[in-house]
Amino acid sequence: MEQATPKVTLVGAGPGDPELITLKGVLALNKADVVLYDALIAPALLQHAPEQALKVFVGKRNGSRMNPQQDTNELCVHYAKKYGHVVRLKGGDPFVFGRGAEEIDYIQRFGIQTEVIPGISSSVAVPASMGIPVTKRGVSESFWVITGTTSSGHLSADLKLAAQSTATVVILMGTGKLEEIVEIYQRLGLGQLPIALIQNGTTCEERVAAGVIDDIEHKVAERQLSSPAVIVIGEVVRESVKLMEIYQEALVNNRFAS
């Protein structure tokens, strides 16, 4: 039997809803010999791969040391050489805080063909699913997407710059840093700025907390939200019809408390 040509295709699976993967991503899965998939991948997506394809979990959750990145890089090369076409299925978009570029750099050192199929990033799709436009004429003319947890484990220093602008700020992987985020905005006198946290966005397990900077920690604790969640900060949060009732309740509570 002729050995298949090694190839690794990075596929963005989208923000969570299995129907939000691209058609091109599905077609790549249809031709996979091996699928290496992350923790946030909807199980239904694996059904797009051939039944005989090898499916290997390489995900990490909540800072777990299971499946370190270097191991995943090496597995991509190993399976490509042994079986042929490897689909590396990653949540959101592989190049938006997905370490996709690192994986491509490593794989290409071995002369293995690579392809990247972009995915719908949770940074825009999750707010949109809640009716929050990250930009809107007359409200916000730009947006920042910032990691809540850098490689050193700290909150990105870019947030201090972003908070001083009028831009919408979207923070990924920042739920555990919410107290720090709140403090940054409060020091700037922005305690009444709208904010929303959306856990498991676009999925049937979606949960949300919305209010203002000054009360969001209470709202999150009250609703027992946790990771993975997308944080959206800015006046655009007011634009969501879905969140309006929650946001108005926050304003009323703050008015009585003042």
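The values are calculated or read from the model by the stated rules, or taken from the named source; none is laboratory data. Note that this is a predicted model, so its numbers are computed, not measured. Virtual Cβ from ideal backbone geometry, glycine too; neighbours counted across all protein chains shown. Please note that ligands, DNA and RNA were not included when accessible areas were found on the heavy atoms of the full protein model with its side chains. Shrake-Rupley method; radii C 1.70, N 1.55, O 1.52, S 1.80 Å.
Before moving on, here are some points about what is shown:
- When GLY176 is tested against (1) surrounded by 21 or more Cβ atoms within 10 Å (Cβ to Cβ); (2) within 21 Å of the chain's Cα centre (by Cα), just one condition goes unmet, and that condition is (1).
- Hey, LEU155 more than 21 Å from LEU243 (Cβ to Cβ), aliphatic (A, V, I, L, M), assigned by the TED database to the domain that holds LYS219 and not in a helix (DSSP H, G or I) or not: yes
- Counting the residues of segment 201-228 that are open to solvent by 10 Å² or more (accessible area, probe 1.4 Å) and either outside any helix (DSSP H, G or I) or among the β-branched types (Val, Ile, Thr) (or both) gives 15.
- Looking across segment 69-127, the residues that are outside any loop (DSSP other than H, G, I, E, B), open to solvent by 70 Å² or more (accessible area, probe 1.4 Å) and among the basic types (Lys, Arg) come down to LYS81, LYS82.
- Top-ranked residue of segment 1-24 - restricted to ones that are more than 17 Å from the chain's Cα centre (by Cα) and not in a loop (DSSP other than H, G, I, E, B), ranked as nearest to MET130 (Cα to Cα): LEU23
- First in segment 134-154 and free of Cβ contacts under 8 Å to residues at least 24 places away in the same chain, second anywhere and open to solvent by less than 50 Å² (accessible area, probe 1.4 Å) and in a loop (DSSP other than H, G, I, E, B), Cβ under 7 Å, 6 or more apart: THR150/SER156
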